[in-house]
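Below: one structure, written as C-alpha cells.
The values are calculated or read from the model by the stated rules, or taken from the named source; none is laboratory data. For clarity, every value in this text was computed on a predicted model and none was experimentally measured. When we count neighbours, we look across all protein chains shown, and the Cβ atoms used for this are built from the backbone with ideal geometry, even at glycine. Areas reflect the complete protein model, heavy atoms only, side chains present, ligands, DNA and RNA absent. Shrake-Rupley method; radii C 1.70, N 1.55, O 1.52, S 1.80 Å.
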Amino acid sequence: MSNIIVNPKNYTGHELETIFFRPLLSGPSAESLGIRILYNMPMPTVVQMWDHKGNVLTPYDESSSWSGGVKTTHHQKTIPMSRVKAENAFSASDYFSTVFELITNRPDINMEDLSGTDLEVAETELFRRAIAESIRMNLWLGDKSGTKNTGYSSFDGLLKIVDDRVKENAFFFNRKDLDDFFGEYHVTEVFNKMITGASPRLKGLYSEGQCAFFVSPRIYSWYETHLDTAFGAAAYEDNQFGRKSLMFHGFPVIEINLEPAISESSLSQDFVIFTDRRNLVMAVNTADNPASEVRMWYNPDEMENRQRAVFAIGCEILDEELVCAVINQA
C-alpha cells in the first residue's frame with residue numbers, strides 16, 4: 001500500500017454545504033461555541049430584532065375597527081462579513097499517518113479493504129477539526145487591525161468588540177477594573193451583581209433559559225474553588241468525578257479558554273460577560289461567493305498534501321443593552 005494520498009477532493013456549491021460546513025456548524029462543534037450561529041444568510045447578513053408591546057390586549061368593541069395601537073418596535077443589525085481562507089500543508093508521510101490514524105480509530109473500518117470514501121471522510125474530518133478550532137479562536141481573539149497582537153486577524157472577534165465597547169461605556173453594565181472589582185467582592189457576589197444589575201430588557205429574557213456567563217479560565221477556577229469549599233453529598237461527588245459544567249443561580253458558567261494566544265496579546269485576559277446567548281452572533285456564508293470552496297490535493301513538487309477552504313465569516317454583539325461585562329482592560 002502506497003504511503004501517499006494523491007486523489008484530489010473539491011467541494012463547491014451544494015456539496016460544500018452538506019458535506020463540509022453544515023456538519024461543522026451544527027452538533028458538538030457548534031454547541032461548544034455556546035452562541036448563536038447563522039449559516040448562509042443572504043449577504044449582507046442582517047439580523048432582525050423586535051421589541052414587542054408590553055400589552056396587546058384592548059377592550060373589545062364590536063363597533064370599532066382596528067385598534068392595535070403602537071406598532072411593534074423594529075431593530076436590525078448588520079454583521080460585518082470578511083472573506084477568509086484556511087490552509088493546511090503536511091508532508092506526504094505525515095499526512096498519510098495522520099489520516100490513517102483517524103481511520104483506524106473507527107470500529108467499522110476494514111483495514112484490508114479501504115475504499116476511497118473512507119479516505120475522503122477521514123481527510124474531511126481532519127480539515128474540519130482544524131477549521132473548527134481556528135473559528136473558535138478567531139471568534140474571540142480576532143483583531144482585523146492587528147494592533148492587539150493576537151495572531152488572529154481575519155475578522156474582529158468578540159473580545160475585541162467587548163474591549164472597545166467597555167472603553168466607550170456602551171454596555172448597560174460596564175467595568176474595566178476587574179482585579180479591583182473582584183478585590184472588593186467575591187466571585188459569587190460579582191455574578192450576583194451582574195444578574196441584579198442587568199437591564200430590564202435582559203432580565204425579561206431570564207425565563208427563556210438562554211442567558212449565560214462567559215468567563216476566562218481564572219474566573220472559572222475561582223468559582224470552582226468556591227464550590228470545592230461546599231459540603232454535602234453533591235460536593236463529594238464533584239470532588240470525586242469532577243464537574244461537566246458549572247451553573248450559578250440557574251445560569252450556565254461557560255469557560256472560554258484562549259491560552260496560550262491570549263497571554264501574548266493586549267486583549268483582556270480575564271473577563272466576565274453576562275448576556276443572552278442569542279445576542280452573540282457568528283455568521284458564516286459559503287453560498288453568496290462564487291469562489292467559496294474546500295479543496296484537498298497532493299503537490300508532487302513539494303511532496304506535500306494541501307488543504308484549502310475559502311468562505312466568508314463575521315461576528316457581532318447585536319444589542320449592547322443586553323450585555324453586562326467586567327474585564328481587566330489596561
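Which condition from (1) open to solvent by less than 60 Å² (accessible area, probe 1.4 Å); (2) modelled with pLDDT under 95 is the one that Ser207 breaks?
(1)
If I go through the range 280-330 residue by residue, how many of them are among the small types (Gly, Ala, Ser), modelled with pLDDT under 90 and either within 27 Å of Pro23 (Cβ to Cβ) or open to solvent by less than 10 Å² (accessible area, probe 1.4 Å) (or both)?
Residues meeting the conditions: 2.
If you check every pair at least six apart or on different chains, which have Cβ atoms under 7 Å apart with a residue in the range 157-169 that is touching a residue at least 60 places away in the same chain (Cβ under 8 Å) first and a residue that is among the small types (Gly, Ala, Ser) and open to solvent by less than 40 Å² (accessible area, probe 1.4 Å) second?
Taking only residues 6 or more apart or on different chains, the pairs are Gly157/Gly142; Leu159/Ser268; Lys160/Gly142; Val162/Ala325; Asp163/Ser268; Val166/Ala325.
For the range 67-83, which positions are at pLDDT 70 or above and open to solvent by 60 Å² or more (accessible area, probe 1.4 Å)?
Gln76, Thr78, Pro80, Arg83
Looking at the range 176-204, which of its residues are of a type in the set (Gly, Ala, Ser) and open to solvent by less than 60 Å² (accessible area, probe 1.4 Å)? Please lay out each step first, then the result.
Going through the range 176-204, the residues of a type in the set (Gly, Ala, Ser) turn out to be 183, 197-199, 204.
Answer for the range 176-204, where residues must be of a type in the set (Gly, Ala, Ser) and open to solvent by less than 60 Å² (accessible area, probe 1.4 Å): Gly197, Ala198, Ser199, Gly204.
Quick check on my filter: what residues within the range 4-18 are open to solvent by 30 Å² or more (accessible area, probe 1.4 Å) and modelled with pLDDT of 85 or more?
Pro8, Asn10, Thr12, Gly13, His14, Glu15, Glu17, Thr18
Do you know which residues across the range 121-168 are of a type in the set (A, V, I, L, M, F, W, C) and more than 25 Å from Tyr95 (Cβ to Cβ)?
Step one: list which residues in the range 121-168 are of a type in the set (A, V, I, L, M, F, W, C), which gives 121-122, 126-127, 130-132, 135, 137, 139-141, 155, 158-159, 161-162, 166.
Within the range 121-168, Leu139, Trp140, Leu141, Phe155, Leu158, Leu159, Ile161, Val162, Val166 qualify.
Might you let me know whether the range 84-92 holds any residue that is farther than 30 Å from Ala287 by Cβ and either at pLDDT 75 or above or open to solvent by less than 60 Å² (accessible area, probe 1.4 Å) (or both)?
So far as the range 84-92 goes, yes, one or more of its residues are farther than 30 Å from Ala287 by Cβ and either at pLDDT 75 or above or open to solvent by less than 60 Å² (accessible area, probe 1.4 Å) (or both).
Among the residues of the range 165-175, is there at least one that is in contact with a strand residue (DSSP E or B) (Cβ under 9 Å, 6 or more places away or on another chain), farther than 30 Å from Ser145 by Cα and open to solvent by 10 Å² or more (accessible area, probe 1.4 Å)?
The answer is no, given that none of the residues of the range 165-175 is in contact with a strand residue (DSSP E or B) (Cβ under 9 Å, 6 or more places away or on another chain), farther than 30 Å from Ser145 by Cα and open to solvent by 10 Å² or more (accessible area, probe 1.4 Å).
How many residues are closer than 22 Å to Asp319 by Cα, touching a Gly at 6+ places or on another chain (Cβ under 8 Å), in a loop (DSSP other than H, G, I, E, B) and not acidic (Asp, Glu) if we restrict to the range 131-162?
The total comes to 3.
Got a number for residues in the range 16-40 being among the hydrophobic types (A, V, I, L, M, F, W, C), part of a helix (DSSP H, G or I) and more than 16 Å from Leu126 (Cα to Cα)?
Here is the first cut: in the range 16-40, the residues among the hydrophobic types (A, V, I, L, M, F, W, C) are 16, 19-21, 24-25, 30, 33, 35, 37-38.
If we keep only those that are part of a helix (DSSP H, G or I) too, we end up with 16, 19-21, 24, 30, 33.
Adding the requirement that they be more than 16 Å from Leu126 (Cα to Cα) leaves 30, 33.
So the count comes out to 2.
Anything in the range 189-201 that is at pLDDT 95 or above, farther than 13 Å from Gly250 by Cα and in a helix (DSSP H, G or I)? List them, or say none.
Within the range 189-201, Glu189, Val190, Lys193, Met194, Thr196 meet the criteria.
Filtering the range 26-42 down to residues that are modelled with pLDDT of 85 or more and among the hydrophobic types (A, V, I, L, M, F, W, C), which residue is farthest from Ala291 (Cα to Cα)?
The extreme case among them is Ile35.
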